[in-house]
Structures are given as structure tokens and as C-alpha cells.
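Only one structure is covered here, and it is reproduced in the block below.
The values are calculated or read from the model by the stated rules, or taken from the named source; none is laboratory data. Quick caveat, the model's predicted, so the values are computed rather than measured. Cβ atoms come from the backbone with ideal geometry, glycine included; neighbour counts cover every protein chain shown.
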Amino acid sequence: MATNIPPHNLVEVVNGVEALIDNPDIEIDELMKIIPAPDYPTGGIVMGRTNVKHAYRTGKGGIVVRGKAEIEEDEKGRQRIIITELPYQVNKANFIIQMADMVKNKRLEGISNIMEESDREGMRVVVEVKRDANAQVVLNSLYKHTMLQRGDGIIFLALVNNVPKVCNLKEMLYYYLEHQKDVLIRKTKFDLKKAEERAHIVRGLVIALASIDEVIETIKKSIDRQDALKNLTEKFALDEIQANAILEMKLSKLTSLEVDKLNQELAELESLIKELRFILETPAKVLEIIKTDLEEIKQKYGTPRKTEISMDMGDIDIEDLIKEEEVVVSMTHGGYIKRMSMTEYKAQRRGGKGMVGHKTKEDDSVKDIYTTSTHSFLMMFSNLGKVYRIKAYEIPEASKNAKGRAMVNLLQLTEGEKITTIVPVEKGREDGYLILATKNGLIKRSELALFSRISRAGKFAITLEEGDELVGAGLSDGNKDILIASTDGYCSHISENTVRSMGRTARGVHSMKLNPGQKVVSLIIVDEDAEVITISEKGFGKACAVSEFRKTRRNSKGVRAGKFDEKTGDLVALVENKTDSDLLVVANNGLVIRIHTDQVKKIARNSKGVIVMRMKGEAKIISCSLTARDVEESEITDEEKETLEVASNIIENETTQPIAQTDTNDANELEKE
């Protein structure tokens, strides 16, 4: 086994240890801000921090170090490369020989001369470039083929309690700190023992000097040394160690000045003993002393960083390059998905015809539409009960007339597997619960933290029975109400706490009783004082309070969510009504309409509702979702709205079919305007 710990900057390491002392729970990412990368005594440039971060997190990795080189022009206008620093442990003479051999063997092109101009001020190797050569290309060749750039492996392997262990950055600092604690405690115990022993002797001397005449008389009357020891210990209540010290004491110690010195020494020893005992009894004091010692070392020996850290593309988080904005993600039954900016959908009036939102193949249609942020996660649930997780920006952006990207190109789906529902999760959110509903009426609640780490291969989120599939999913804080609706318009209103929290692969419990041939189509999670919007297949919708849906027991039939017949079609979805939002409604022919939620009329629960989107032919509403309010539309007049709506519809028709097939009335309206 081998360890390879590159040199680091003393000041940075001391600062890192001090940060760990101040906050034992500090994260590795915070430590990496203090200790950004190795610092080599020969300088150079560490290329990027991506590999360094990986090594600091895992204890293993490799980094690329470059020498420092600049391109300059001489007085004759010829370009030359000036090398002033080499990577750590690269010998300058060997490096020059390597370059010369490569030039001779034609492995390096464009170099006319190599000169060694180093002196006491530092290293300087001059590489002259031919007139017809590009100096930057030559420099890149030096990086690629010579020791001007080299890799350096990192293995933080150490003996921890006599066992080899690969440690991350925090563990390295932690075990160093534990070692320093151990050293300081052992040193303090040693000093305490010596101080106590000396204090014990001094106390005996002080006792003897207080009765010196009697001590001398006792010694004179003794037969030999052993007899003197015995007499002193018996007469003056001393032990053998103290008595020996008295016998070995010089006569010069009998002066009054020496007596004062002994008393002073005893006082100092007692003070020292008290201080040493306090250190051993107070862990915080141990850390304070270590921190003080480290600060002294830093002030005495600390030097500025010599090795630079250069950014490379691996350091740039792709998320930093993606503008955070609200987007629409649409998915088809055939497994195609795409994202579009929300600005593509302008709000229309209720009863509008909508605009093309997702062009599909002849045998395909839009299944669902979601609104989210480009930086949010999308949890994608499949018909097999598995869940996948990707960032919204990873979904290819496409125009309204594009069919999107096949889901199998984004996720590692197995044969016969398809995504059935998607749940957007805000960036950084880990608390709360994930609630899942299946077509056959099962419901399940699990902690969101169980799904914090999902690989590209996905993981199982629920165990499904044969013939069942997920139809809805949502997030909750643990204190919400749940509304579950079926195709025939029944809705079960239950409290979230009636569904116990379950493991990731649990099957779930029954949410509502379904009539024969019916299935669950919608799941929403709301507050008690919220409002909901119901949307039917033929474009009818209405808004009403959640309180109108009386609470029922879990696994009951529920109450009617409205009147649904041949004119309205089956119930498609329930959506929470938010006054500052717009409603996106999508049909299976790819048309999408966006209206303000306050345009959906608030009427009684057991009614048909009003026309939200006019449907033509066999087209049906298949999905709807909420998005942020389109402010632009609310700033124009009703007359302008109608004109824009007509123009939008005609323009949209022109892009998808010949002008002869457009609505004649709409065309006349536009011509008159």
C-alpha cells in the first residue's frame, strides 16, 4: 500500500484545522474553500479544481499540474516562450534534454532554439519559436508531450489506530487534531507528574527549614543514613523521598534567601499544578492551546501560496450556465418529452381555442404538461413503479412545433417501461413527504429523503400490482389534505395523517372505492381553506372551495365533484386554484390554452361548470397544470385580447395547415382589424 499526499500551504492547513476546531460539524465543501488545492514549493499551476474536489471528498484522485510559461516578443518581433516554473519534482536539466530530444526527433515542431538563462533570481528557460509557427500551438505541444505538464496522484492513506485507511480532507484534519490532543494531554500529564513530585520535595524542605535546629540535631544523633531517614520520617511526618531530599540538601540552602526561594518555588509549583489539572479536566482548554500553538506556527513560518489554481471547463457547473426561469415540460403518450420557456404561452381568454404546444406524430398525443424551474429536479415515475431523477434543464429545449426527445434517450428505461407521471422538486428541498396514487385506488406516503440519491438507472418507489400504474404524485409538508378523483367524477377528501408513512418499496393502502370500470385520474395536495378547479374532457371547468368536498374516511366512495355526462365528458383533473396563477390546459391534439385562474367561474360543486377551452371534433382535454401569472396579457384591453387571439389562432393554423383550412370568421375578423 502506498500513500501520496501532495504538499499544502501551511497557512491554509492551519486555517482549516482552526475552522474544524471552531465547528466540528463543518462540511468538506466549506473546508475546500479554506484549503482549495495542494501548494507545491516549486509553484506551477493546478489545472482546475474538479479533480481536487473529488480527491478531497473521497481521499483518492489525480490532478494536473502545469509549469508557468508566458509568450512574449523579443526586440526583433519574434515570439518566444518563457518558462519560469516547472511542476513539482520535475528536474530542469532533464526537462531541457527532453525538449531538445523531441525537437531533434521531429516530435516537437516550430522550435528554433532553447536557452537556459536561470540565475540566482530564479528559473528562466527560453524557447524561441520559428517565424512561421504559432507560439500558442507550440506551447500546447509542450504541455502535451513534455514534463511541462504532468499528472500527480493523490491518495490520503494513513494509519488510523494502526489500521490503514484512506481519509477524505475532513478526516485527515480530524485525525491530525486528535493526534495533537493526545500529544498535548500526554505532555500535560508528564508535566503535572514532574510538578507534583517537585512540589512534594519542596514541601518537605520547607518543613525541615522551619525546624532546622531540630532536624540537624536529629541527624547528628542518628547512627547512619538509614537511621537518619527513619528518625526524620517519624519525628517530622515526612516520607522517605522528602527525608532523602533533606539529607542531600546543601548547607547553603539554610540561608534566609534560600528559604524565601523555596517558598516562592512552592507557590509557583502549586499554581502550575492547578493550571495543568484544569487543562486535563477541560477539553475546550486543550483545543484553545492547540489553536494558539498553531497560530504561532502560522505567524512564524507561514508563506503565501506559490501554486496558482486555474479554472477549466470541468470546474464550471453546467447549472451556472443555465438561466433560471420558469419552463413548461410536456410529455406524450409515446414517450416524447421536451421543455419550452413559459413566455411561449401567452394568456388567452376563457373559451379560447388554444395554440399548438406540442406537435406529435399521427399515432401519438400529449399526455401531461408540467411547469417548473430549469434548476429544479424532476422525479419521473414509471409504470413499473421505478423513479428517476434529472434536472429540468437536462430535458432538451424545443419549439412548439417540435415533437421533443424520446424518453429512452434521457433515462435508462427497461423494455416495456414508460414514464407515467412527473413531480417537480425545488432545488435543495429534502424535507417533506412524497405521496403517490395508483390507477386502481392505492395511495402511499413516504419521506422525500428516501429519494435523495437516485442514479440514472433509477430505483423502485412503489410495488405495483399487475395491471396497476401510477396516475398521480405530489409533495407535502406532512399536514395537508388529499383529494383523489376518479373518471366518473367522484372525489375522496382525506387528511394526510390518515396515510401512515411507509418504506420506499411499500405497496400502499386503499384511498377510495371505485365503481366498476372506473379508475383514479387525479391526486392533489391542498390546505383546508384552498379552492380547486375541476376540468373535464370536453373543456368544461369550474372552481369551488375544498370545504365543499366533505371529508370522508379513507377507502370510501367519496362525494361528487360535479355533473359529468356526454356533453362534459369524464373528469380529467383536479387543480388547486391560486389567484396569482394561470391554468395551462392541454388537449390530445397538441393544442394548449393558458388562462388566468380567476376567469374560471366559482360555482357550486355539483354543477357542470363553464367552457374553459373549446374542443373540436374528437379532441379531448388530457391534462392541466398551474403556472405563474402572465402579466402581459392583463395589461391590454378586452378588444385587443380578442384581436390577438384571432391573430394567434390564424398564425398557428398557417404553420400547421393551408390557409384555406383556417376559420373563415377568424380570417374576416383579422382582415377588418
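Quick one: which of Glu270, Glu265 is within 30 Å of Leu232 (Cβ to Cβ), modelled with pLDDT of 90 or more and not small (Gly, Ala, Ser)?
Numbers: Glu265 fails: modelled with pLDDT of 90 or more.
Matching residue, one of Glu270, Glu265: Glu270.
Output yes when any residue across the range 137-160 is touching a His at 6+ places or on another chain (Cβ under 7 Å) and among the basic types (Lys, Arg), and no when none is.
no
Which condition does Glu109 not pass, out of (1) surrounded by fewer than 12 Cβ atoms within 10 Å (Cβ to Cβ); (2) modelled with pLDDT under 90, if it passes all the others?
The failed condition is (1).
Please go through the range 24-69 and pick out each residue that is in contact with a Lys or Arg (Cβ under 6 Å, 6 or more places away or on another chain) and among the acidic types (Asp, Glu).
Matches in the range 24-69: Asp39 only.
Being touching a residue at least 12 places away in the same chain (Cβ under 8 Å), touching a strand residue (DSSP E or B) at 6+ places or on another chain (Cβ under 6 Å) and within 21 Å of Ser330 (Cβ to Cβ) narrows it down to one residue among Ala543, Ala573; which is it?
Exactly one residue qualifies, and that residue is Ala573.
Can you list residue pairs whose Cβ atoms sit under 7 Å apart, with the first residue in the range 44-72 being in contact (Cβ under 8 Å) with a residue 40 or more places away in the chain and the second being buried (at least 18 other Cβ atoms within 10 Å of the Cβ) and acidic (Asp, Glu)? Count only pairs 6 or more apart in sequence or on different chains.
Correct list of pairs: Gly44/Glu85; Gly62/Asp152; Ile63/Asp152; Val65/Asp152; Gly67/Glu85; Lys68/Glu85.
Consider the range 157-196. How many of its residues are closer than 30 Å to Glu240 by Cβ and in contact (Cβ under 8 Å) with a residue 24 or more places away in the chain?
6
List pairs: first in the range 512-538 and closer than 14 Å to Asp481 by Cα, second of a type in the set (S, T, N, Q), Cβ under 8 Å, 6+ apart or cross-chain?
So the pair list comes out as Ile525/Ser476; Glu528/Ser547; Asp529/Ser547; Ala530/Asn577; Glu531/Asn577; Val532/Asn577.
Which of the residues that make up the range 466-491 are surrounded by fewer than 17 Cβ atoms within 10 Å (Cβ to Cβ) and within 35 Å of the chain's Cα centre (by Cα)?
Once the filter is applied, which keeps residues that are surrounded by fewer than 17 Cβ atoms within 10 Å (Cβ to Cβ) and within 35 Å of the chain's Cα centre (by Cα), the range 466-491 yields Asp477, Gly478, Asn479.
Yes or no: the range 399-409 includes at least one residue that is in contact with a strand residue (DSSP E or B) (Cβ under 6 Å, 6 or more places away or on another chain) and surrounded by 23 or more Cβ atoms within 10 Å (Cβ to Cβ).
Yes, some residue in the range 399-409 is in contact with a strand residue (DSSP E or B) (Cβ under 6 Å, 6 or more places away or on another chain) and surrounded by 23 or more Cβ atoms within 10 Å (Cβ to Cβ).
Would you check if there is a residue in the range 573-580 being assigned to a strand (DSSP E or B), at pLDDT below 90 and within 24 Å of Lys386 (Cα to Cα)?
Within the range 573-580 (the criterion being assigned to a strand (DSSP E or B), at pLDDT below 90 and within 24 Å of Lys386 (Cα to Cα)), the answer is yes, since at least one residue qualifies.
(1) modelled with pLDDT under 90; (2) under 26 Å from the mean Cα position of the chain (by Cα); (3) not aliphatic (A, V, I, L, M): which one isn't true of Lys439, the others all being true?
Every condition holds for Lys439 apart from (2).
Evaluate the following for Tyr388: is it closer than 19 Å to Tyr336 by Cβ, assigned by TED's automatic domain parsing to the domain that holds Pro516 and part of a strand (DSSP E or B)?
Here the answer is yes, as Tyr388 does meet what is asked.
Buried (at least 16 other Cβ atoms within 10 Å of the Cβ), within 22 Å of Asn479 (Cα to Cα) and among the polar types (S, T, N, Q): does that describe Ser511?
Yes.
Any residue that is modelled with pLDDT of 85 or more, in the same structural domain as Ser607 (by TED's automatic domain parsing), polar (S, T, N, Q) and surrounded by fewer than 22 Cβ atoms within 10 Å (Cβ to Cβ) - is there at least one of those in the range 521-543?
no
Looking at the range 65-171, what strands (runs of 3 or more DSSP E) fall wholly within it and have at least 1 residues that are over 43 Å from the mean Cα position of the chain (by Cα) and not polar (S, T, N, Q)?
68-73, 79-85, 111-116, 125-129
Could you pull out every one of the strands (runs of 3 or more DSSP E) wholly within the range 494-567 that has 3 or more residues that are touching a Cys at 6+ places or on another chain (Cβ under 7 Å)?
On the way: elements: 520-526, 531-536, 540-545.
Because the criterion is at least 3 residues that are touching a Cys at 6+ places or on another chain (Cβ under 7 Å), the strands (runs of 3 or more DSSP E) in the range 494-567 that meet it are 531-536.
Taking the condition of being in contact with a Phe, Trp or Tyr (Cβ under 6 Å, 6 or more places away or on another chain) and among the charged types (D, E, K, R), how many residues in the range 393-429 meet it?
Qualifying residue count for the region: 1.
What do you reckon, is Thr218 assigned to a helix (DSSP H, G or I), out of contact with any Gly (no Cβ under 9 Å at 6 or more places or on another chain), touching a residue at least 60 places away in the same chain (Cβ under 8 Å) and surrounded by 15 or more Cβ atoms within 10 Å (Cβ to Cβ)?
So Thr218 does not fit the description; no.
When the range 139-191 is examined, which residues are found to be loosely packed, with under 15 Cβ neighbours inside 10 Å, under 30 Å from Val126 (Cβ atoms) and of a type in the set (D, E, K, R)?
Selection gives Lys144 alone.
Could you look through the range 442-457, keep only residues that are part of a helix (DSSP H, G or I) and in contact with a Gly (Cβ under 8 Å, 6 or more places away or on another chain), and pick out the one that is nearest to Thr505 (Cα to Cα)?
This residue is Leu450.
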